[in-house]
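As C-alpha cells, the structure follows; a few thoughts come after it.
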Amino acid sequence: MNEPEEDAAAETATAETAAASPPSGLSRRGLLGLAIGGGVAGLAVGAGAGIAGGVAIGRARAHADAQPVHEFFGEHQAGITTSVQDHLHFASFDMMPRTDRDDLISLLQDWSYAAARMTQGLEVSASGAVGGPAEAPPDDTGEALGLPAAGLTITFGFGPGLFENEDGDRYGIAALRPTGLERLPAFLGDDLNPQASHGDLCVQACADDPQVAVHAIRNLSRIAFGRARLRWSQLGFGKTSRTTSSQATPRNLFGFKDGTANILADDAAALDDHVWVASDDEPAWLAGGSYLVARKIAMLIETWDRVRLAEQDTIIGRDKGEGAPLSGGDEFTAPDFGGASIDANSHVRLAHPEQNEGIRILRRGYNYVDGNNELGRLDAGLFFLSYQRDPGQFITLQRRLSTDLLNEYIRHVGSGIWAVPAGVKPGSYVGAELFA
C-alpha cells in the first residue's frame, strides 16, 4: 500500500491530468462562460497552473483515507456501476427555444470539461470561485471550497425530446434516435406530475457529501444558461441499492432491505447481458452506454406504519429483520416459489428474474423526503433509478408489478427515460459519437 503522502500525490496528478484536457472545439460562448476574465489561455492550461500557483487547492484532501476520487473518463460513464454513494442530486433539463446544433454540442463540451474537473475535487475553471476579477461573477459558485471530491460522479443522459419534439428535428439527430427511447407507457398506479417528469437532458450527480452533489448540479445549471434550463430536480439520501459486494444492503423508508439481488459491478457477464448496449445493437453511437429510467415513487408512510409486521413481511415476501425470503434461509438465499410461504402477489415474487424470463436491471435508487404535504404527512418515498440494456426490460417488470400487494401503499408521481452514452474519451465530450 502507498504511504499517505504518495496517495495524495497520486490523486493530485490524476486531477491535473483530467483538468488539463479540455474538450476540443469549445464554443466562444462556452469558453467565456467558463473563464470569464481569465481568457482562453487560462482555460486551456487550467489546473496545472492553478495547482502549481496554489489557486485551486481549496479541495485538497485532509487525509489519505478520504472518500474516493472517480475518474470522469473511461469506457463507461461513472455513476452506473460505481459503488453507490450516500447522496444524490438528480436534474432534468430542457434545451432552450431557438437553440441549434452548435449550441447543443457546445453545452455538452462545456459540461464535460466542468464535470471532469469537479469529479477530481477541482473548481470548474482555473480561476474558480475567488481567483477571477473582483468586478466579474466568479466562475465557480464556491460552496464546495475546502471539501474533497467526496466520491462525486456525474452521469449524463439524452431524452426522447432531444431528438425530436413538437418543433421537429432541432439538432439534426432525429434519424439517430434509439427505437426504444420514447416516453414510458402508462402504468397502473401512475399519478404523474408533468412538471416533475421527462426532460431533454438529465444529470445524475452522486457523492458522499450532499453539498458536493448540489454544487455539481448548481454549476452545471449556471453553465447551461442561455442554452438549457432546469426543468425539475430531486435530492436523495440513504442509497436503496448496492452495486458492489463490499456494500451492505441498505433499507428503504418502509424499513426493508432493498436491492439484495441487484447486479454488481464485478459481474461482467450480467452487465453485458442486462445493462450495457452492445456494439451490434442499434444505434451504433450508443454502444457501451445504457438506458436510464427514473421514477419518483411516493410512499404512504403513515398508512404503512399502521400495518402489522406479519402483513408487511407478506407484502414484501421477505423478513423485515434479516431480509431473508419467507421461504427460508438468509438474505442471499434464493427464494423458493414452489410453496405457499411467499404470496403469489408479493413484491419479491413478481419482481424476481425467475418469474420474468430472467430479466434483470441494475438499480441505483435513493430515499427522499420533501418535507410535509398539506395534510401534515411526510412527502417521502423512493427515487427509483435503474439502468438496463433495453427499456423493454423495465416496461416488462413494471407491468408484471400491476398486481403487487405493495401498490396499496405507493404512488408513482414522476417519470423519465434517457439514453446514457458510453464513457468519455480524454479530450472529447459526452455523446460525441452522436455528432460524428
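The values are calculated or read from the model by the stated rules, or taken from the named source; none is laboratory data. All values reported here derive from a predicted model rather than from experimental measurement. Glycine gets a Cβ as well: all are built from the backbone with ideal geometry, and neighbour counts include every protein chain shown.
Observations on the model:
- Considering region 368-404, and only residues there that are polar (S, T, N, Q) and under 14 Å from the mean Cα position of the chain (by Cα), the residue that is nearest to Ala207 (Cα to Cα) turns out to be Ser386.
- Every listed requirement among (1) in contact (Cβ under 8 Å) with a residue 24 or more places away in the chain; (2) out of contact with any Ser or Thr (no Cβ under 6 Å at 6 or more places or on another chain) is met by Pro426 save one, (2).
- The set of residues in region 174-220 being under 27 Å from Met118 (Cβ atoms), hydrophobic (A, V, I, L, M, F, W, C) and buried (at least 19 other Cβ atoms within 10 Å of the Cβ) consists of Leu201, Cys202, Val203, Ala205, Cys206, Ala207, Val212, Ala213, Val214, Ala216, Ile217, Leu220.
- The residues listed here are Ser341, Ser327, Ser279; of these, the one that is in contact with a Leu (Cβ under 6 Å, 6 or more places away or on another chain), free of Cβ contacts under 8 Å to residues at least 40 places away in the same chain and in a loop (DSSP other than H, G, I, E, B) is Ser341.
- Filtered residues of region 121-152 (kept if surrounded by 24 or more Cβ atoms within 10 Å (Cβ to Cβ), acidic (Asp, Glu) and farther than 26 Å from Pro421 by Cα): Asp139, Asp140
- Filtered by the rule that a residue be among the hydroxyl-bearing types (Ser, Thr, Tyr) and assigned to a strand (DSSP E or B), region 390-436 gives a lone residue, Ser415.
- Selection of region 236-261 for residues being under 16 Å from the mean Cα position of the chain (by Cα), under 30 Å from Glu311 (Cβ atoms) and not in a strand (DSSP E or B) yields Thr240, Ser241, Arg242.
- Odd one out for Ser233, checked against (1) assigned to a loop (DSSP other than H, G, I, E, B); (2) in contact with a strand residue (DSSP E or B) (Cβ under 6 Å, 6 or more places away or on another chain): (1)
- Test: residue in region 356-365 that is in a loop (DSSP other than H, G, I, E, B), in contact (Cβ under 8 Å) with a residue 12 or more places away in the chain, in contact with a strand residue (DSSP E or B) (Cβ under 6 Å, 6 or more places away or on another chain) and basic (Lys, Arg): yes
- Residue, surrounded by the most Cβ atoms within 10 Å (Cβ to Cβ), within region 297-313, restricted to residues that are in contact with a helix residue (DSSP H, G or I) (Cβ under 7 Å, 6 or more places away or on another chain) and not aliphatic (A, V, I, L, M): Trp304
- Every condition in (1) buried (at least 21 other Cβ atoms within 10 Å of the Cβ); (2) among the hydroxyl-bearing types (Ser, Thr, Tyr); (3) out of contact with any strand residue (DSSP E or B) (no Cβ under 7 Å at 6 or more places or on another chain) is met by Thr155 except one, and the failing one is (3).
- Failed criterion for Phe332 (all others in (1) in a loop (DSSP other than H, G, I, E, B); (2) touching a residue at least 60 places away in the same chain (Cβ under 8 Å); (3) surrounded by 12 or more Cβ atoms within 10 Å (Cβ to Cβ) hold): (3)
- When restricted to residues that are touching a residue at least 40 places away in the same chain (Cβ under 8 Å) and either buried (at least 24 other Cβ atoms within 10 Å of the Cβ) or on the phi > 0 side of the Ramachandran plot (or both), region 98-107 contains 2.
- Any hit, region 158-168, residues being in contact with a Lys or Arg (Cβ under 8 Å, 6 or more places away or on another chain) and assigned to a loop (DSSP other than H, G, I, E, B): yes
- The one condition from (1) surrounded by fewer than 20 Cβ atoms within 10 Å (Cβ to Cβ); (2) of a type in the set (Gly, Ala, Ser); (3) without any contact (Cβ under 8 Å) to a residue 40 or more places away in the chain that Gly317 does not meet is (1).
- Ile36 fulfils the conditions (1) at pLDDT below 95; (2) within 30 Å of Gly168 (Cα to Cα) except for a single criterion, (2).
- Only residues that are over 19 Å from the mean Cα position of the chain (by Cα) and surrounded by 19 or more Cβ atoms within 10 Å (Cβ to Cβ) were counted in region 413-432, giving 1.
- Residue match in region 203-214 (condition: at pLDDT below 95 and either of a type in the set (Val, Ile, Thr) or at positive phi (or both)): no
- Scanning region 214-250 for residues that are without any contact (Cβ under 8 Å) to a residue 40 or more places away in the chain and among the polar types (S, T, N, Q) returns a single hit, Ser245.
- Test: residue in region 252-261 that is among the aliphatic types (A, V, I, L, M) and buried (at least 21 other Cβ atoms within 10 Å of the Cβ): no
- Boolean, Met118 is modelled with pLDDT of 95 or more and crowded, with 18+ Cβ neighbours inside 10 Å: yes
- The residue list Asn372, Asn367 contains one member that is over 21 Å from Ala278 (Cβ atoms) and surrounded by 17 or more Cβ atoms within 10 Å (Cβ to Cβ), which is Asn367.
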